[in-house]
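Since the structure comes first, as structure tokens, the remarks are kept for the end.
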Amino acid sequence: MTLDVRDVDVELGGTQILDAVSAAVGDGRLVGVVGPNGAGKSTLLRAMNGVVEPVAGSVLVDDEAVHELPSKAASRRIASVPQDTSLGFEFTVRETVEMGRHAHVPRFGSDPDPEAVERAMERAEVAQFADREVTSLSGGEKQRVLLARALAQQAPVLLLDEPTASLDVNHQVRTLELVRGLADDADRAVVAAIHDLDLAARYCDELVLVADGRVLDSGRPEDVLTPEQVREAFDARVAVGTDPATGDPTVTPLPDTEGDLAERVHVLGGGDAATPILRELADAGATVTVGPVSEGSLDHETATRFGFEAVTVPPFSTPDDAAVSRARDLVGAADAVVVAGDAVSWGANETLRDAADAAVVVGDAGPRTVAGARVELVSLVDALAALDVEPEPFAVADGGNVADD
Amino acid sequence: MRAYTRASAWTVGTFLALVAVMLTSATIGPVDIPLDRVALAALDAFAVPSAATFYVTSVVFPAIGDVPWLAVDLAYTSPLDFAVPDQQQLIVGEIRLPRIVLGAVVGAALAVAGTVMQGFFRNPMADPSIIGVSSGAAVGAVTAIAFPLLLPFGIQVSAFAGALVAAFGVYLLATDGGRTPVATLLLAGVAVQTFLGAITSYVIVHSGDSIREAMYWLMGHLHLANWADVELTLPIVVVGSIVLLAYARDLNVLLAGEEDAHTLGVEVERTKQVLLAVSSVVTAAAVSVAGVIGFVGLIVPHVMRLLVGPDHRILLPTSAFAGGAFLVAADTFARAGPAELPVGIVTAFVGAPFFLYLLRNREVHAL
């Protein structure tokens, strides 16, 4: 069973919401639709389940066009879990889940699969409050009731619109574990719009990054969630790293305090000495290159998160000639070089520093708490700005004081 | 199965309550007749159609002339014959029962239509006349009363036609590109009701000597009830209610919202058309024989929803029987006093305070 979205255009009230969107979801796959608010994630799901009619393109479930099927037939193929629903009337959980059987039960007759409702409730872990009224449940429980209702439809394609919205951390993980398990069941393709990029990356096999009604990229989470693409889609500064616990990409939003430092700065570090400097330079808006640094070191990790170009050397080894020569090119291209004080003597740093037109050494032997570093490094930015006006060959700062002349 | 048992119990229970209210009502009047005698007389009055004669007649339409019309005459036989004094048999069978049965049918019709409208609009303030049915019927009836030459089809036919024209008009006004948004329908209904209310007032102002009859019609009445009214109304209400009951599950799913209903396999627009059309016809049948009787269609579905829950498979039949019982009881009050009251006054007089009581007890929010 596959869900195939081909070049779908959707207009709502005369405004184009989706523009030539394509996506494919196969058996046992969990595909996350990610993107900023208003990008068209929900509309894409509504086009998939037939609620919204595309003006061009088609949505196919095993080569059958969803929009040409009667709604009964469509609902046996695609089940949807809405983001929120007016469960205002006091139906019990069981009655609500029974509504998922609507397309299977004849108008005059009984359910051909009388156990379907119980099974769906078991699977979505809501059987224990089957006879309670839905309005008395918490947000996470309601979400699972809607999931059970969708499971009762016994459709091979399952769509979820923001299943974790407004849930606490525990329920977010619980819901997504459940959804992950549903995708692993045979013959089920699952699509979920998820606003939390970390959770999306962690649970989805593939991501579809949507922005402005277009698919920016789709594929494996680590390929899709690059700092550049996330920045383009969300218009926000992010750092992308790897979660040490799960190995999945993590996306950390950064405060939007980016300065207008136009300089290109090369940072000499090595292990973890340059990390606070890199953070500060990223905030200042500089174009930053780094290296050489040890692969897998904190400096390397931080540079990757910010999308900075870095020259790396294998762990526990000194830079070879090739690395030094590449770093020298970067130093040559930079307007200024910043040396992390602790790392002045590491590798070829001293040589590289001497090759620079202007250099700042920061934080030599000073306390390197984050707060402490920040105090120093704000003045680092000032120092760099000053360097730009009146280039000085050496400005050495130690003990936390940056000399700016 | 549990739900099924519960549905059956409530349905049978409310039906028995309706029968009890009807029989009790038949004992009340200027002549006291004991309950056992009333029951036997009612069984005697029970009749089934035994023969039907079809014949062609004609109806005079203004500007068109005679239009041939197929009419049917039904012959009835009573299978039962208990010994009841003739005078009591006459009072129960020909005077009290037609009015009581019509009251039950009208009450049931209004309650069923009100239940459907509240579910359809997902709004506990909806009632059967929300899309202009009663206002349309009022214009038709009042015009036929005040200007019989203008609408020479009789009050009931004019009211019925007016009701359906108004409902269909509201539907057309609110429909665009094959979609009928519920909110638009609600607003179009309010506007059309106001407009038709103006016409009704205008006609009443110029109705001269017939003003009393027109006002009486508008307030809701059952005092002119006869078996012919029952013959006209009962089949429409029964068939319509059965159709609506067949759509009870769709109505449940629609409560979750139209998009959800669509993804769950309901043909939303077609279902809405069926629900609107059938409940409008049912309401029109009731209003055209009994006038505008308020509050039955609002209160009864409310109360029943509090008692049996929101599942329309239970709510529809129980509301029907409870609506019938409520209107029969109200009409018994209306006719038992020293002077006959229009029953619409009684339902509103009892219904409104009861509604406020519910509101104050915060039970209404639970709907």
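Counting Lys +1, Arg +1, Asp -1, Glu -1, what net charge surrounds A:F316 among other residues with beta carbon under 15 Å of its beta carbon? Kindly include the intermediate steps, with their values, before the conclusion.
Details: positive: none; negative: A:D272, A:E295, A:D299, A:D320.
It works out to a net charge of -4.
Within segment B:283-367, the trypsin sites (Lys or Arg not before Pro) that combine a DSSP coil assignment with at most 13 other C-beta atoms in a 10 angstrom radius are B:R362.
Mind putting a number on the dipole of segment A:1-119 about its Cα centre? Charges go on the C-beta only, +1 for Lys and Arg and -1 for Asp and Glu, and I need it in Debye to the nearest 20. Let's see the in-between values first.
Details: 11 positive and 19 negative charges, 30 e Å.
In debye, rounded to 20, segment A:1-119 gives about 140.
Between B:E340 and B:E231, how high is the FRET efficiency from 1/(1 + (r/R0)^6) when r is the Cβ-Cβ distance and R₀ = 22 Å? Nearest 0.05.
Working: r = 24 Å, r/R0 = 1.08.
It comes out at approximately 0.40.
Please compute the Kirkwood hydrodynamic radius over segment A:3-245, one decimal place, Å, based on all pairs of different Cα atoms. This gives a value of 18.4 Å.
Listed from fewest to most Cβ neighbours within 10 Å, the set B:Y202, A:Y203 follows the order B:Y202, A:Y203. Projecting the Cα positions of A:V55, B:V182, A:A79 onto the charge dipole of the protein assembly as shown (unit charges on Cβ atoms of Lys, Arg, Asp and Glu, taken about the Cα centre) puts B:V182 furthest along the positive direction. Mean projected area of the Cα convex hull of the protein assembly as shown, taken over all directions, amounts to 45.4 nm². Within segment A:267-304, name every residue whose backbone N is under 20 Å away from a label modeled 7 Å from Cα of A:D243 along the Cβ vector. It comes to A:301-302, A:304, nothing else. Taking Lys and Arg as +1 and Asp and Glu as -1, the other residues whose beta-carbon sits under 14 Å from that of B:V328 total +2.
Length gained on full extension, B:D81 to B:V239, computed as 0.36 nm times the residue gap minus the Cα-Cα distance: 54.0 nm.
Spin-label model, B:R6 to A:A355: label points 7 Å out along the Cα-to-beta-carbon direction sit 8.0 nm apart.
If you average over every viewing direction, what projected area does the convex hull of the Cα atoms of chain B give, in nm²? Can you show the working numbers first?
Values: hull surface 84.2 nm².
Projected over every direction and averaged, the Cα hull of chain B covers 21.0 nm².
Mind pulling the per residue volume of the convex hull built on the Cα atoms of segment B:182-317? Å³ is fine.
It comes to 128 Å³ per residue, whole-number rounded.
Simple spin-label estimate for A:D62 and A:D184 gives 2.5 nm between the two label positions (7 Å along the Cα-to-Cβ direction from each Cα).
Give me the net charge of B:L90's neighbourhood, meaning all other residues with Cβ under 13 Å from the Cβ of B:L90; Lys, Arg count +1, Asp, Glu -1. Mind showing how you got there, number by number?
Details: positive: B:R37, B:R96; negative: B:D44, B:D86, B:E94.
So the surrounding residues net to -1.
Using 0.36 nm per residue and subtracting the Cα-Cα separation, the extra length available between B:L90 and B:A183 on full extension is 28.4 nm.
Positive end of the dipole of chain B (Cβ unit charges, origin at the Cα centre): among B:A348, B:F54, B:V289, the Cα lying farthest that way belongs to B:A348.
With neighbours defined as other Cβ atoms within 10 Å of a residue's Cβ, the residues B:L97, A:L147 order from fewest to most as B:L97, A:L147.
Take the alpha carbon gyration tensor of segment B:1-99, find the square roots of its eigenvalues, order them as a ≥ b ≥ c, and report rounded if a/c is under 1.5; if not, report prolate when a/b exceeds b/c, else oblate.
It comes out oblate by the Cα gyration axes.
Sorted from longest to shortest, the spans of the Cα atoms of segment A:179-315 along the three principal axes equal 53, 36, 19 Å.
Would you mind classifying segment A:134-252 by shape? Square roots of the alpha carbon gyration tensor eigenvalues, ordered a ≥ b ≥ c; an a/c under 1.5 is rounded, otherwise it is prolate if a/b is larger than b/c and oblate if not. Here segment A:134-252 falls in the prolate category.
For A:A310, the residues whose amide H sits under 5 Å from its own are A:V290, ignoring neighbours fewer than 5 places away on the same chain, with H placed 1.01 Å from N.
Quick one: length gained pulling B:L150 to B:F354 fully straight, 0.36 nm per residue minus the C-alpha distance? Don't jump to the answer; show the numbers that get you there.
Numbers: separation 204, 0.36 × 204 = 73.44 nm, distance 4.09 nm.
The span from B:L150 to B:F354 would gain 69.3 nm if fully extended.
With both labels modelled 7 Å from their Cα along Cα-to-Cβ, the A:E11 to B:A191 distance reads 2.5 nm. Take every Cα pair under 8 Å whose residues are at least 6 apart in sequence, average their separation, divide by the length of segment A:154-208, and the relative contact order is 44 percent.
Rounded to the nearest 0.05, the FRET efficiency derived from the C-beta distance between B:Y202 and A:D84 at R0 = 45 Å is 0.45. The ranking of B:M304, B:M215 from fewest to most other beta carbons within 10 Å of each one's beta carbon is B:M215, B:M304. Note on segment B:234-301: with charges restricted to the Cβ of Lys and Arg (+1) and Asp and Glu (-1), its dipole about the Cα centre is near 300 debye. Amide H to amide H, with H built 1.01 Å from N, A:T250 comes under 5 Å of A:G241, A:T242, A:D243, counting only residues 5 or more places away or on other chains.
What is the distance in Å between the Cα centroid of segment A:135-168 and that of segment B:255-322? One Cα centre to the other: 28 Å.
Note on chain B: with charges restricted to the Cβ of Lys and Arg (+1) and Asp and Glu (-1), its dipole about the Cα centre is near 880 debye.
What are the semi-axes of the equivalent ellipsoid for segment A:44-104, taken as the square roots of 5 times the Cα gyration tensor eigenvalues, largest first, in whole Å?
Working: eigenvalues 131, 38, 13 Å².
Each semi-axis is √(5λ); the values are 26, 14, 8 Å.
Between A:V173 and A:R220, the C-beta separation translates, for a Förster distance of 22 Å, into a calculated FRET efficiency of about 0.55.
Since every read-out is calculated from the coordinates, none of them should be taken as a lab result. Values in this document were obtained by computation on a predicted structure and should not be read as measured data. When we count neighbours, we look across all protein chains shown, and the Cβ atoms used for this are built from the backbone with ideal geometry, even at glycine.
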